[in-house]
1. Taking Cα pairs under 8 Å and at least six residues apart, what relative contact order does the stretch 172-307 come out at, in percent?
2. With Rg and the Kirkwood Rh both taken from Cα atoms, where does Rg over Rh land for the stretch 296-370?
3. Could you tell me, in Å, what Rg and Dmax come out for the Cα atoms of the stretch 147-247?
4. To check you understand DSSP bridge types, tell me what percent of the beta bridges within the chain (both residues inside) are antiparallel, rounded to 5.
5. As I understand it, the value is the acute angle between the Cα axis of helix 127-140 and the longest principal axis of the Cα atoms of the chain; what does it come to in degrees, rounded to 10?
6. Can you tell me the equivalent ellipsoid semi-axes for the stretch 222-364? Use √(5λ) from the Cα gyration tensor, largest first, whole Å.
7. Given contacts defined as C-alpha pairs under 8 Å and at least six residues apart, what's the relative contact order of the chain, whole-number percent?
8. In what order do 307, 37 fall by count of nearby beta-carbon atoms within 10 Å, going from fewest to most?
Ligand SMILES: Nc1ncnc2c1ncn2[C@@H]1O[C@H](COP(=O)(O)OP(=O)(O)O)[C@@H](O)[C@H]1O
Ligand SMILES: [Mg+2]
Ligand SMILES: [Zn+2]
């Protein structure tokens, strides 16, 4: 006996995911009605979570394509509606798994999400560039990746991912992270501001609330990796993060010069005081490959910002903490890395074989490759600091 056309249409609908929630629309109560005429025309109504949903066009296209591709379907008449308040609160319950709890999912003992905080001593060293490129590289490895842009001074992550103008959709009091073309989801502290041009002048408690909100009120789903772009230095956000997510592992980004290394060491020490493990150091803007020598087929590195900063930070932190803090890589200066950030197309995607992209991809592999599950997890055995 062959399955009915309606069954096949429903099966096709189950392959369509809500782009923000990343689960089948059929599981989310979004398919309101489906009718199939004798001539094979499918009339259906799909409910958006909110009116003016920015991803309306995506849903429209995905549903039409999936249903239109079913053998026997001769036409698709799709009507888009909006969920009622009651339906939205039902959806919120579904997403929360029936629990009303407001705990940080990544801080639960059974969480399998690897959390990496990207820290630096000062601004402008490439912390955000590193964050977005690692995220995209990990996503390309098949990981489900989310980014929390917690840099109150910069919040440049959305622009680097090409979603600067987007605002998160809210379903009751759950916030949907903004999806990007590369499959990485992002929430930025800049998106929590009432107005885009507003300067965030938040301090202590308000910042803490904003960070907790980005970790609890945002529906992250089942993430393999969460990356946090921290503000530079050793300020309030670093302290809040240490209190809420002591299991986060910290990657310190520095440039090669002496002065940058010194402040980077402080950022690393801060993480350790909060009992977070410093997983390694990434030296950025390490050198510029001399274009003249490259033309002649030889390699000549111009040390524009000096040298040794990454090694120095790694050595100091290793000694201070009593465990190995390695230099995970040296990323050269590359104009296409900067362009990628400016145009919303990061270098690991735009030019994946460029030397800078190769280093970033290898770091991503090393961090994400430690695998999901308890084997790769920190079990609270970090030696405490003699601060
Ligand atoms: N390796 C690099 N080569 C060229 N430009 C870079 C490199 N790393 C970062 N940049 C550029 O330097 C600027 C600062 O980088 P950004 O990632 O915003 O730093 P941070 O987040 O630490 O303030 C950006 O314009 C970025 O594109
Ligand atoms: Mg930044
Ligand atoms: Zn040269």
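1. Value for the stretch 172-307: 18 percent.
2. On the Cα set of the stretch 296-370, Rg over Rh gives 1.04.
3. Taking only Cα atoms of the stretch 147-247, I get Rg and Dmax of 12.8, 35 Å.
4. Details: 12 of 50 bridges.
So the antiparallel bridges amount to about 25 percent of the total.
5. In the chain, helix 127-140 runs at an angle near 50 degrees to the longest axis.
6. The three semi-axes for the stretch 222-364 are 29, 19, 13 Å.
7. On the way: 737 pairs, mean separation 65.0, N = 387.
Reported relative contact order: 17 percent.
8. Going from least to most buried by this count: 37, 307.
None of the figures in this text is laboratory data; all of them are computed from the coordinates on show. Values in this document were obtained by computation on a predicted structure and should not be read as measured data. FYI the Cβ positions are ideal-geometry reconstructions off the backbone, even for glycines, and counts take in every protein chain you see.
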